[in-house]
Amino acid sequence: MSRRLILTRHAKSSWDSPALADHDRPLNKRGRKSAPAIGAWLRENGWLPDEVLSSTATRTRETWGRMGLQAEKLCFHRALYLAEPADMLIELSGATGQTVLMLGHNPGISKFAERIVKHPPDHARFYDYPTCATTVIRFDLSDWSEIRWQSGEVEGFVIPRELLE
């Protein structure tokens, strides 16, 4: 049996209101275009989540909302806000979905992506994981509690710029 992880960094956020707390920053114009493009890419490839694990930040919530996808289970966890890779692994190990979409922030999400895959994709932007970058990773396991570092096979990686050009 296999499981699939869709690992997405939030779309580009706005810095228009300097007084706004980081957690509360919304998406900017570019981010509002990127999220639907990523959602369409996932739909076209048949990579649809049945569970979402997301940071509670406004920009991650808005990214999910604008992706235009649906999931049976939505979980917003404060622990995923600016989470370290180890914390992300703990959150994922409690998931129950067949295909889980995890929405988070850098630098944690890029470090998590590097550590969770056996072999990184041949893509110049994988290691810096720009906003709304998305990796689709397959794991040979029957339950997320079995998840281990360097165990995933990359099925796809994309950045919004490639979809919007």
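Derivation of every value follows stated rules applied to the coordinates shown; laboratory data play no part. No experiment lies behind these values; they were computed from the predicted model shown. All Cβ positions, glycine included, derive from the backbone under ideal geometry; neighbour counts span all protein chains shown.
If Lys and Arg each add +1 and Asp and Glu each add -1, what is the summed charge of the other residues whose beta carbon sits under 9 Å from the beta carbon of PRO130? Provide the component values of the computation, followed by the final result.
Values: positive: ARG9, LYS12, ARG125, ARG161; negative: ASP128.
Every neighbour counted, the sum reads +3.
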Calculate how steeply helix 58-67 sits against the longest principal axis of the alpha-carbon atoms of the chain, using the helix alpha-carbon long axis, and give the answer as 0 to 90 degrees to the nearest 10. 70 degrees
Once every DSSP H run of n ≥ 4 in the chain is given -39500 (n - 2.57) and the sum is divided by its residues, what mean residue ellipticity at 222 nm do you get, rounded to the nearest 500 deg cm²/dmol? -8500 deg cm²/dmol
Which of rounded, prolate, oblate describes region 6-79, given a ≥ b ≥ c as roots of the alpha-carbon gyration tensor eigenvalues and a/c under 1.5 marking rounded, otherwise prolate only if a/b is larger than b/c? oblate
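State whether region 18-165 is rounded, prolate or oblate according to the following rule on the C-alpha gyration tensor (a ≥ b ≥ c being the square roots of its eigenvalues): a/c under 1.5 gives rounded; otherwise a/b larger than b/c gives prolate, and the remaining case gives oblate. Don't skip to the answer; put the middle values down first.
Values: a/c = 1.38, a/b = 1.21, b/c = 1.14.
In terms of gyration-tensor shape, rounded.
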For the chain, build the charge dipole from Cβ charges (+1 Lys, Arg; -1 Asp, Glu) around the Cα centre, then report which of ALA71, PRO160, LEU48 sits farthest towards its positive end. PRO160
Which value, in debye to the nearest 20, gives the size of the charge dipole of region 74-118 about its Cα centre, when Lys and Arg are +1 and Asp and Glu are -1 at the Cβ? 80 debye
Under a 5 Å amide H to amide H cut-off, with H placed in plane at 1.01 Å, what residues pair with VAL52 once short-range neighbours are removed? LYS73, LEU74, CYS75, LEU101
Given the convex hull of the Cα atoms of region 92-165, what is a quarter of its surface area in nm²? 5.0 nm²
Residue-wise HN-Hα coupling along region 73-88, computed from phi with Karplus coefficients 6.51, -1.76, 1.60 (Hz; x: Gly, Pro): 10, 10, 10, 9, 10, 4, 4, 8, 6, 6, 5, 7, x, 4, 5, 5
Distance from region 60-136 to region 147-165 (C-alpha centre basis), Å: 10 Å
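What is the magnitude of the charge dipole of region 27-165 about its Cα centre, with +1 placed on the Cβ of each Lys and Arg, -1 on the Cβ of each Asp and Glu, and no other charges, expressed in debye to the nearest 20? Provide the component values of the computation, followed by the final result.
On the way: 17 positive and 18 negative charges, 144 e Å.
The dipole of region 27-165 has a size of about 700 debye.
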Share, in percent, of DSSP beta bridges within the chain that are antiparallel, nearest 5: 45 percent
In the neighborhood of ASN45, defined by Cβ-to-Cβ distances under 13 Å, what is the net charge if each Lys or Arg adds +1 and each Asp or Glu adds -1? +1
Can you work out the Karplus-derived ³J(HN,Hα) for every residue in region 131-139? Use 6.51 cos²θ - 1.76 cosθ + 1.60 with θ = phi - 60°, whole Hz, and x for glycine or proline. 4, 6, 4, 9, 10, 10, 10, 9, 10
May I ask you to evaluate 6.51 cos²θ - 1.76 cosθ + 1.60, the Karplus curve with θ = phi - 60°, for each residue of region 44-56 and list the ³J(HN,Hα) values in order in whole Hz, giving x for glycine and proline? 4, 8, x, 9, 10, x, 9, 9, 10, 10, 9, 4, 7
